[in-house]
Amino acid sequence: DAKTTQPPSMDCAEGRAANLPCNHSTISGNEYVYWYRQIHSQGPQYIIHGLKNNETNEMASLIITEDRKSSTLILPHATLRDTAVYYCIVRQYGNKLVFGAGTILRVKS
Amino acid sequence: GAGVSQTPSNKVTEKGKYVELRCDPISGHTALYWYRQSLGQGPEFLIYFQGTGAADDSGLPNDRFFAVRPEGSVSTLKIQRTERGDSAVYLCASSLGPYNEQFFGPGTRLTVL
């Protein structure tokens, strides 16, 4: 599976949009971009995934660049409960998840 | 509805002992995964079951680790002759099928003294 690069940490003000970037320059055509998050002392939680089109659900939006070499996870109105480690994962459908170090997002009031 | 459950939530054992960790997946989920997470790191894949069979066990670190899923639902991860380096949080995840998102349990924190 392709490797991803994420910033180690980010801060966001409560109520503002949180934009978390991810680089995956070696992604191949059949690999999907997945985002999970992990709140302290809990198991990872699925957020969203996409192949090449932008995706939106009740939790977040996923913007994938046209060349698919990078993506951005957007939390439109961050709350304190969104403070977590966010993992960007590139995965072939049906394969295991390969987690990197992720981005620690701190939402501050 | 009920999510993935794991028991025990915490396990403390002594070096050299045998431990079993249990995972109850979401009802109807055919795919089940085990991961291990050391402090400050992301989860690391161990093994994946599709139904009763291990479809990918490439992440098991050595032959002290073994997992079963005899009836295609509950799974047990077994660790023989535990070592201090086995201390970690062991996470289980299940999905409706191999092409669906994975739902994780809360994990079992294993401490080997």
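For chain A, the tally of Lys pairs with Cα-Cα distances below 29 Å comes to 6, considering only residues 8 or more apart or on different chains.
Cα-based values for chain A, radius of gyration first and Dmax second, are 13.0, 41 Å.
Can you give the FRET efficiency for residue A:77 and residue B:50, using 1/(1 + (r/R0)^6), R0 = 35 Å, r = Cβ-Cβ distance, to the nearest 0.05?
Working: r = 39 Å, r/R0 = 1.10.
Working from the Cβ atoms, E equals 0.35.
The residues neighbouring residue A:51, those whose beta-carbon lies less than 13 Å from its own, together hold a net charge of 0 under the Lys/Arg +1, Asp/Glu -1 convention. Taking B:59, B:85, B:40 as the candidate residues, the one with maximal mean-square fluctuation in a Gaussian network model of chain B, Cα springs under 10 Å, is B:40.
The aspartates and glutamates whose alpha-carbon is closer than 15 Å to the alpha-carbon of residue B:15, local same-chain residues fewer than 8 away aside, are B:83, B:86.
Peptide B:97-104 shows a mean partner chain C-beta count of 5 within 10 Å per residue C-beta. A straight chain from residue A:40 to residue A:58 at 0.36 nm per residue would run longer than the Cα-Cα distance by 4.3 nm. List the cysteines of the protein assembly as shown that have no other Cys Cβ closer than 4.7 Å: which are they? Those would be A:12, since no other cysteine Cβ in the protein assembly as shown comes under 4.7 Å of theirs.
Bear in mind that the values in this text are calculations on the coordinates, not laboratory data. What you see is a predicted model; the values in this text were computed from it and never measured. Cβ atoms come from the backbone with ideal geometry, glycine included; neighbour counts cover every protein chain shown.
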